[in-house]
Amino acid sequence: MTLRAHPARRRPARPGRRGDSEQTRAAILKAALEEFAQEGLAGARIDHIARAARVNKALLYYYFHDKEALYGATLEHVFSGLAERLQGVLEKDLPPREMILALAGTHFDYIAASPIYPRVVQRELMRAGRSGSPHIQRIYERYLAPLKQRLVLLFADGIGRGDFRRVHPLHFFFSIIAMNVFYFSSLPMLRLLLGGDPLEPEQVATRRAAVLDFVAAALFTAPREAPVSIGQRSDAS
């Protein structure tokens, strides 16, 4: 009697064209993000993801060995896209004040474009527990550690120029992240507080402006007064 491979485990032929391959992988990741955001890793179902991506399970397993690998890929997708955008801002020749506002705005815009991102990340942070998360460790080393170094230098430059107050650079950026993430991870409560849809373009624009205003008020030093020249009376005289 000849044994046959289980159809769910049989590896399909490699997609013929690179464009088709990338499109299929992107469709799987998009469907997986929705499923993991709603159900978490334990509750997510590969059948649901494959159906939403319009692929069969065999093809899904071709791209991602198992559910844990797919889950790790979704987390990497979130952070790789964010790191790419933030690095793009950091490469610009901007003074510290404009740079920090551009970074805060870019982070906000990235989440606003995909509000499910915070839910996926927060689920993983809660799942990690005392043992930590191998996914988060890998993401930190690959994407966050290089950004951390650039941010520390940015704050040192801003403080050195007298543009920034003397704040702890990482803790201040934690505060920016918290402001941005809270808005999009608290939508059910915000619908009640705002009396409308928090994701309406006008509401999102209002929130973005409020975040940047808060950053500027909390970080920027007061404008320097023009020095009083010899023979010129000051207001205090």
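The values are calculated or read from the model by the stated rules, or taken from the named source; none is laboratory data. In this text, all values refer to a predicted model and were calculated from it rather than measured experimentally. Every residue, glycine among them, receives a Cβ derived from its backbone with ideal geometry; neighbour counts consider all protein chains shown. Protein only, heavy atoms only, side chains kept; ligands, DNA and RNA dropped before computing areas. Shrake-Rupley method; radii C 1.70, N 1.55, O 1.52, S 1.80 Å.
Filtering Gln149, Gln137, Gln87, Gln122 for residues that are under 29 Å from Asp197 (Cα atoms) and assigned to a helix (DSSP H, G or I) leaves a single hit, Gln122.
Which of the residues belonging to region 81-104 are under 23 Å from Phe182 (Cβ atoms) and open to solvent by 40 Å² or more (accessible area, probe 1.4 Å)? Answer for region 81-104, where residues must be under 23 Å from Phe182 (Cβ atoms) and open to solvent by 40 Å² or more (accessible area, probe 1.4 Å): Arg85, Leu101. Looking at Ala69, Ala73, Ala26, which one is under 15 Å from Tyr117 (Cβ atoms) and either at pLDDT 95 or above or not hydroxyl-bearing (Ser, Thr, Tyr) (or both)? Only one candidate passes the filter, namely Ala73. Among the numbered conditions (1) without any contact (Cβ under 8 Å) to a residue 60 or more places away in the chain; (2) not in a loop (DSSP other than H, G, I, E, B), tell me where Arg127 comes up short. With respect to (1) without any contact (Cβ under 8 Å) to a residue 60 or more places away in the chain; (2) not in a loop (DSSP other than H, G, I, E, B), Arg127 is out only on (1). A search for C-beta distances below 6 Å between a residue of region 73-100 that is on the phi < 0 side of the Ramachandran plot and free of Cβ contacts under 8 Å to residues at least 24 places away in the same chain and any residue that is outside any loop (DSSP other than H, G, I, E, B) and open to solvent by less than 20 Å² (accessible area, probe 1.4 Å), counting only pairs 6+ apart in sequence or on different chains, returns Val89/Leu103.
Checked against (1) more than 25 Å from Ala42 (Cβ to Cβ); (2) open to solvent by less than 40 Å² (accessible area, probe 1.4 Å); (3) not acidic (Asp, Glu), Ala113 meets all criteria but (2).
Would you say Ala236 is hydrophobic (A, V, I, L, M, F, W, C), farther than 28 Å from Ala37 by Cβ and either assigned to a helix (DSSP H, G or I) or at pLDDT below 95 (or both)? Answer is yes for this residue. Collect the residues in region 162-184 that are loosely packed, with under 13 Cβ neighbours inside 10 Å and touching a helix residue (DSSP H, G or I) at 6+ places or on another chain (Cβ under 6 Å), keeping them in residue-number order. The answer is Arg166, and nothing else.
For region 71-80, a residue qualifies if it is more than 30 Å from Asp163 (Cβ to Cβ) and crowded, with 16+ Cβ neighbours inside 10 Å, and the qualifying residues are Tyr71, Gly72, Ala73, Thr74, Leu75, Glu76, His77, Val78. Apart from one condition, Ala104 fits all of (1) part of a helix (DSSP H, G or I); (2) farther than 26 Å from Leu187 by Cβ; (3) modelled with pLDDT of 95 or more; the exception is (2).
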